[in-house]
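Notes for the one structure printed next.
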Amino acid sequence: MEQLTVVKIGGNVIDDPAALTRFLTAFAGLPGTKILIHGGGKVATQVAEKLGIQTTMVNGRRITDQSMLNVVTMVYGGLVNKQIVAKLQTLDINAIGLTGADAGTVLAHKRPVKDVDYGMVGDIDEVDSGRIQAFLREELTPVFAPLTYSKTGDLLNTNADTMASAVAVDMVRHNEVTLVYCFEKKGVLSNPDDDNSVMPDLTPAVYDEHKAAGTINKGMIPKLDNAFQALRSGVSRVVICHADELATAVIHGAGTTLTL
Ligand SMILES: Nc1ncnc2c1ncn2[C@@H]1O[C@H](COP(=O)(O)OP(=O)(O)O)[C@@H](O)[C@H]1O
Ligand SMILES: CC(=O)N[C@@H](CCC(=O)OP(=O)(O)O)C(=O)O
């Protein structure tokens, strides 16, 4: 089976133009077929604030009312996605920018209201990996914004880590998939105050211990839940690493590799 690398890039890197350029250059240089999923939460928060719209996050998810949905659609589906696509074109990657609504690639439903009303937040039902594979066959590199669509024709805001995991899992039908989460730290740290305390590998049991001790917290919890879910669902390798170490992580191993 052909190798495929699915890469997710987080919002703190997207917010730093020099770091984003370094990352995209490394992404462009990866061997074989690849897909990029980007976040952009930090930029969305800044733009919303300029428009007088306040951000509320619950369990790492953005409460998305209609005005916030308009902001994230403009920021993720427009500004961030198209800036990345344009940059990749100059790096000789024929990128095609997509939301989950484009070509019907990622269908979701609005998250039901239980304790929290997240508003227009989407939980993924279906990824059309056959369609994504068709883009790859045409030598196009899909670049996904973290937006999905519903059967009722609404756009929905979906966490980018979740989107990366769902796309990677469905692509297992066609490829041997490596999933890499890139962000601004060197990997999963055993001590969040020490940037050099990277754990080279991580099992669910050790993850649970760190979660209980509070040394793995905040955004790292949903990231790792998504990452372990991908590994359990047939993705061959899942790595969490610094954006500057993407090439090393894919080829030789850097950052944190998850094992079951
Ligand atoms: N043990 C840990 N190791 C690394 N990062 C951690 C850890 N615990 C919490 N974090 C936090 O998790 C964040 C990554 O999650 P998130 O902000 O959702 O990233 P992204 O922008 O990639 O989506 C890091 O910026 C860091 O502050
Ligand atoms: C529902 C939900 O929370 N969606 C995320 C999508 C962006 C994202 O995940 O961006 P990062 O990877 O940069 O955090 C949000 O709006 O913040």
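Worth pointing out:
- Only one entry of A134, A95 meets the criterion of being without any contact (Cβ under 8 Å) to a residue 40 or more places away in the chain and of a type in the set (A, V, I, L, M), and that entry is A134.
- Looking only at residues of segment 202-227 that are away from ligand 2 (no atom under 16 Å from the Cβ) and buried (at least 19 other Cβ atoms within 10 Å of the Cβ), we find that the one that is farthest from T25 (Cα to Cα) is H210.
- Residue selected from segment 206-230 under the condition in contact (Cβ under 8 Å) with a residue 40 or more places away in the chain and of a type outside the set (S, T, N, Q), by the criterion farthest from L189 (Cα to Cα): A230
- Unmet criterion (only one of (1) in contact with a strand residue (DSSP E or B) (Cβ under 7 Å, 6 or more places away or on another chain); (2) part of a loop (DSSP other than H, G, I, E, B)) for P192: (1)
- Of all residues making up segment 50-70, the number that are under 10 Å from N157 (Cα atoms), in contact with a Phe, Trp or Tyr (Cβ under 9 Å, 6 or more places away or on another chain) and either more than 12 Å from ligand 2 (Cβ to nearest atom) or touching a residue at least 60 places away in the same chain (Cβ under 8 Å) (or both): 3
- For segment 10-17, the criterion of being within 16 Å of ligand 1 (Cβ to nearest atom) and under 24 Å from H252 (Cα atoms) is satisfied by at least one residue.
- Exclusive hit being within 12 Å of ligand 2 (Cβ to nearest atom), in contact with a strand residue (DSSP E or B) (Cβ under 7 Å, 6 or more places away or on another chain), on the phi < 0 side of the Ramachandran plot and β-branched (V, I, T), set I84, I35, I14, I93: I14
Just so you know, all these numbers are worked out from the coordinates, no wet-lab data involved. Because the structure is predicted, anything quoted here is derived from the model rather than measured. Note that we place each Cβ from the backbone using ideal geometry, even for glycine, and neighbour counts take in every protein chain shown.
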